[in-house]
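S.K.: Okay, handing you the structure first.
Every number here is computed from the coordinates shown, using simple stated rules; none is lab data. Computed from a predicted model, the values in this text were never measured in an experiment. Here the Cβ is made from the backbone with ideal geometry for all residues, glycine too, and neighbour counts use every protein chain on show.
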Amino acid sequence: MSASNYGPEFWHSHWADGGGAFTAKESGRLLAAHWPKLEIPPGSEVLVPMSGKSPDMAWLAAHGFGVVGVEISPIACEAFFAEHHIAADRAAAGPFVRWQGGGVTILQGDFFDLGGKYAAALDRGGLVALPCQDRYRYAQHLRSLLEPGGVLLLVTIEYDPARRSGPPFPVFPDEVRQLFPGAVERSRHPLGRARWTAVGGADAVVWVMRVRRG
Ligand SMILES: C[S@@+](CC[C@H](N)C(=O)[O-])C[C@H]1O[C@@H](n2cnc3c(N)ncnc32)[C@H](O)[C@@H]1O
């Protein structure tokens, strides 16, 4: 359950209306630059919360990782497999519908119903999809799903909130460090697309957080 106007109903209508606007357009450059440095053993299970139909999942599977996306919209799940020409199996799995194929599993359902432990997580478009009042609960749940020693690669966006409203919502460094203690900023780069220059510019910021062992 979400306390805000940006809960499941918002996202179901977003996907029913076509969905594309908040979808990652490329995965190669960002992941090639940052993922290998995390030294996650290939074969590890990587959680992709709020996955949508992100091409990041195909990149991770192609690089030997087990991918578990979580996505509330069946339209997004279906679109991922269709766009990658993968015939997916579908089966009930507790509170989820599990879509599976080509090394990628997408659990269709509410992220807050997910349990288990993962070696790594990739959050691009997850935290920033949520308004401020929903982010603490989200971050706590995401942290609880990482194993000791597990690592999170997080991508946020920063822009002037007076010039535009979300989603994606801007999330600034103080809040990231509060939500994910120990998170370290790895890089930032300006987003060149017209929708961002029109509001005075925006930066994409890459963060890494590692969960302490023991
Ligand atoms: C901004 S989109 C990002 C998608 C993807 N990470 C990307 O970069 O392309 C956020 C996604 O979160 C999904 N979502 C929102 N609330 C959710 C929830 N409670 N559980 C699972 N997925 C959710 C939405 O349907 C949407 O596809």
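S.K.: Quick check: residue separation of VAL184 and SER4 times 0.36 nm, minus the Cα distance between them. What number comes out in nm?
M.R.: 62.0 nm
S.K.: Something else about it: With each run of n ≥ 4 DSSP H residues scored as -39500 (n - 2.57), what mean residue ellipticity at 222 nm is computed for the chain after dividing by its residue count and rounding to the nearest 500 deg cm²/dmol?
M.R.: Taking each H run of at least 4 residues, the total per residue is -7000 deg cm²/dmol.
S.K.: Related question: State the answer as a single residue: which of ALA93, TRP207, SER144 lies farthest towards the positive end of the charge dipole of the chain, with beta carbon charges of +1 for Lys and Arg and -1 for Asp and Glu, about the Cα centre.
M.R.: Result: TRP207.
S.K.: May I ask what percent, to the nearest 5, of DSSP beta bridges between residues of the chain are antiparallel?
M.R.: 60
S.K.: Which one, ARG163, ARG137, ARG98, has the greatest fluctuation when you compute a Gaussian network model over the chain with C-alpha springs under 10 angstrom?
M.R.: ARG163
S.K.: Give me the compactness ratio for the range 116-214, meaning the Cα radius of gyration over 2.2 N^0.38 Å.
M.R.: 1.10
S.K.: What distance in nm lies between label points placed 7 Å from Cα along the C-beta direction at ILE86 and ARG210?
M.R.: 2.9
S.K.: Which length gain, in nm to one decimal place, applies between GLN133 and ASP110 when the Cα-Cα distance is subtracted from 0.36 nm times their residue separation?
M.R.: Net length gain for the segment: 6.5 nm.
S.K.: If you place +1 on the Cβ of every Lys and Arg, -1 on the Cβ of every Asp and Glu, and leave all else neutral, what size is the dipole of the range 15-89 about its Cα centre, to the nearest 20 Debye?
M.R.: Dipole about the Cα centre, nearest 20: 260 debye.
S.K.: Explain nothing, just the number: dipole magnitude of the chain about its Cα centre with +1 on each Lys and Arg Cβ and -1 on each Asp and Glu Cβ, in debye rounded to the nearest 20.
M.R.: Values: 21 positive and 21 negative charges, 104 e Å.
About 500 debye.
S.K.: I would also like to ask the following. Grab the beta carbon distance between ARG177 and ALA62, set R0 = 41 Å, and tell me the FRET efficiency rounded to 0.05.
M.R.: The value I calculate is 0.80.
S.K.: Would you calculate the separation in nanometres between label points at GLN140 and SER13, each defined as 7 Å from the Cα along the Cα-to-beta-carbon direction?
M.R.: 2.9
S.K.: If we sort 53-61, 72-80 on the protection proxy, mean other Cβ atoms within 10 Å, highest first, what's the order?
M.R.: Result, highest mean first: 53-61, 72-80.
S.K.: Per 10 Å bin, what is the whole-percent P(r) computed from every C-alpha pair distance within the chain?
M.R.: 8, 36, 40, 15, 1
S.K.: Take the alpha carbon atoms of the range 26-105, find their radius of gyration, then divide it by 2.2 N^0.38 Å using N residues; give the quotient. Spell out each step's value before the answer.
M.R.: On the way: Rg = 12.4 Å, N = 80, 2.2 N^0.38 = 11.6 Å.
The range 26-105 yields a ratio of 1.07.
S.K.: Would you mind computing, in nm to one decimal, how far apart the modelled labels at ARG195 and ARG29 are, each placed 7 Å from Cα along Cα→Cβ?
M.R.: 1.7
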